[in-house]
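Worksheet for the structure shown next.
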Amino acid sequence: MSSVSSKYVKYILSKPMMGAGGKTGTWRVHRPVIDAEKCIKCGLCWLYCPENAIDWLEDKTVAVDYDYCKGCGICSDVCPVRAITMVKEGVI
Amino acid sequence: MVTINELHKYGRTKLIMPGTAACPGCPLQLGMRYLAMALDGKFAMVIPAGCSSVIPGTAPYTAFTVPTMHVPFASSPAVASGLRRALRIRGVDGPVVVWAGDGASADIGFASLSGAAYRNEDIIYILADNEAYMNTGIQASGTTPPKAWTTTSPRGKTEGRKDVSLIMIMHNVPYVATASIAYPMDFIDKVRRAASIRGFKFIHLHAPCPPGWKFPDNYTVRVARLAVETGMWILWEYNQGKLTISPPSIPYKDKGRRKPIEEYLKLQGRFSHLTKEDIEEIKAGVDRQWDLILKLTEIYR
């Protein structure tokens, strides 16, 4: 009986995992590129990233996870010093 | 008020996992991130049908790291009430949060929402308001603003707007507030304050939807901020008999300091058909709403 119930629980519960909707980086048309020299380490791009694809690291710089970034461009829009530019994919 | 430096500890924490099935620039994910940060990831979530039940992706995986229950459209407050009572019997004292869209709250699920509020169940209800049924293809809902284009109102909505948050005050619940995804610190404060109160808590979160409102993906935060700066969306808080205007909205009590409403309307394709008379009518509506809220701050003080 217990094995049946544990199987049942294992079957219907979903596990948290990155990329549950697929590798969403492939949706991207424009790629955010961060200019580290202009960055003032305010963290606003991290705060407003809907996808949670930007990490705000221990030294307060930011890093984009290009596997999952959908390229919406909100980070570039909210950046107070315009350190983030949206570059068309494939141009680099 | 919480500051961004206090949130630095969540800098690498993925409370909502990346790689979800949401559209680029989705405001609901932003709101969910702030909610998870506000409660430190320790809560249970109930989600009725809508965009938010599609966002976590395909089974057997999910993007949410909190226990989540997906329920039919009209039942979310009822399920949350039962969940809260069952958790209390088991000795678990974390908050139960209902994350519902405007269709599930204002139209289809309104009966059970009203019932849960009148029983004063100990849940937090967050209405993520993207102002139409976005998941099924942009049909008009009870909270769609007048004159807005939707697929069921191709020449602009002729009906008015249902103010769900003011209706909830009249249910005599302890806590009602409005919030916006462009002001995360204000929203996080309100969620934390709500979690510290026992009883029914209601937060109305304004969430501009890029495909539904027809603006570019990168303008989500800008449009939400303009809604507050033009006075179209008023941030206020009703806490146990006292109604106050929240800090981001305080400057806009004065009509002269509000930005012109055209700035907000011209960014959105759903308002592109408006004539001058329509805009005047919308302006009059905004002034009426401010008068009402300011009078209520005098009554509930």
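The values are calculated or read from the model by the stated rules, or taken from the named source; none is laboratory data. Owing to the predicted nature of the structure, the values given are computational and were not obtained by experimental measurement. We place every Cβ from the backbone using ideal geometry, glycine too, and count neighbours over all the protein chains shown.
For the stretch A:48-63, a residue qualifies if it is farther than 13 Å from residue A:83 by Cα, among the aliphatic types (A, V, I, L, M), buried (at least 22 other Cβ atoms within 10 Å of the Cβ) and touching a Lys or Arg at 6+ places or on another chain (Cβ under 9 Å), and exactly one does: A:53.
Could you tell me whether residue B:115 is out of contact with any strand residue (DSSP E or B) (no Cβ under 7 Å at 6 or more places or on another chain), at pLDDT 90 or above and surrounded by fewer than 24 Cβ atoms within 10 Å (Cβ to Cβ)? In short, yes. In the stretch A:44-51 there is no residue that is closer than 23 Å to residue B:59 by Cα and more than 7 Å from every other protein chain (Cβ to nearest Cβ).
Residue-level check: of (1) within 14 Å of residue B:123 (Cβ to Cβ); (2) within 14 Å of another protein chain (Cβ to nearest Cβ); (3) in a strand (DSSP E or B); (4) not small (Gly, Ala, Ser), residue B:35 misses just (3).
Each residue in the stretch B:8-26 was checked for being buried (at least 18 other Cβ atoms within 10 Å of the Cβ) and either more than 7 Å from chain A (Cβ to nearest Cβ) or in a loop (DSSP other than H, G, I, E, B) (or both), and 12 of them qualify. Total residues in the stretch B:276-301 satisfying the condition of being exposed (fewer than 10 other Cβ atoms within 10 Å of the Cβ), in contact with a Leu (Cβ under 8 Å, 6 or more places away or on another chain) and in a helix (DSSP H, G or I): the figure is 1. Residues of the stretch A:52-92 that are more than 12 Å from chain B (Cβ to nearest Cβ), among the hydrophobic types (A, V, I, L, M, F, W, C) and free of Cβ contacts under 8 Å to residues at least 12 places away in the same chain: A:91 alone.
All conditions in (1) within 14 Å of chain A (Cβ to nearest Cβ); (2) among the polar types (S, T, N, Q); (3) part of a loop (DSSP other than H, G, I, E, B) hold for residue B:172, with the sole exception of (1).
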